Amino acid sequence: MYDKGKVLTGLAIFVIIVTFPIWYNASGSEHYPNPKILTKVKDCVMPLAYMRSSHMKLLVDWRDEVLRDGNRTKVTVDGVKYQRSLQDGCMYCHKSKTKFCDECHKYVGTEPYCWDCHFVPKETD
């Protein structure tokens, strides 16, 4: 085998390139979102696992019920009534768009269209 050095060098480079994602993830260099909840309220309108995975479905359902059906009844959770509203409901507890909403949306690379119609809340901090 005349090109033994070239073949071994090529194989080593190939192994490094193929295993790079594994080493990169193992290094812990990835930033995970850490949304800040700036409220003393402990419970949301739905369980945490549901809100993490399907909050957009909830918001779209509320939008349709309020705007298309005229259903403005408040949502009651453990005796606390919440308005079906992004600004007066959700943003009542989650006061900081940059520290709560944007933290996860930037992580997953999505741009929600909520703020196309709603005013961006004024940051308190």
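Going from the residue with the fewest nearby Cβ atoms within 10 Å to the one with the most, Tyr2, Tyr24 rank Tyr2, Tyr24. Among Ala12, Ala26, Ala49, which one shows the biggest mean-square fluctuation in a GNM of the chain, springs joining Cα atoms closer than 10 Å? Of Ala12, Ala26, Ala49, the most mobile in the Gaussian network model is Ala12.
The ranking of Arg72, Arg84 by Cβ neighbour count inside 10 Å, starting from the fewest, reads Arg72, Arg84.
Bridgeable lysines around Lys81 (alpha carbons under 29 Å apart, same-chain partners fewer than 8 residues away excluded): Lys36, Lys40, Lys42, Lys57, Lys95, Lys97, Lys99, Lys122.
Using equal-weight Cα scatterers in the Debye expression, the normalised intensity of the stretch 2-125 in log10 at q = 0.13, 0.16, 0.21 Å⁻¹ is -0.66, -0.88, -1.33. Comparing Pro33, Pro21, Pro47 in a Gaussian network model of the chain, where Cα atoms under 10 Å apart are tied by springs, the biggest mean-square fluctuation is seen for Pro21. Only alpha carbons enter this Debye calculation for the stretch 1-65, each as an equal point scatterer, and the log10 of I(q)/I(0) it gives at q = 0.18, 0.20 Å⁻¹ is -0.86, -0.93.
Each reported figure results from applying straightforward, stated rules to the coordinates on display, with no laboratory input. Keep in mind the model is a prediction, meaning the values are calculated, not measured. Using ideal geometry, Cβ is built from the backbone for each residue, glycine included, and neighbour counts are taken over all protein chains shown.
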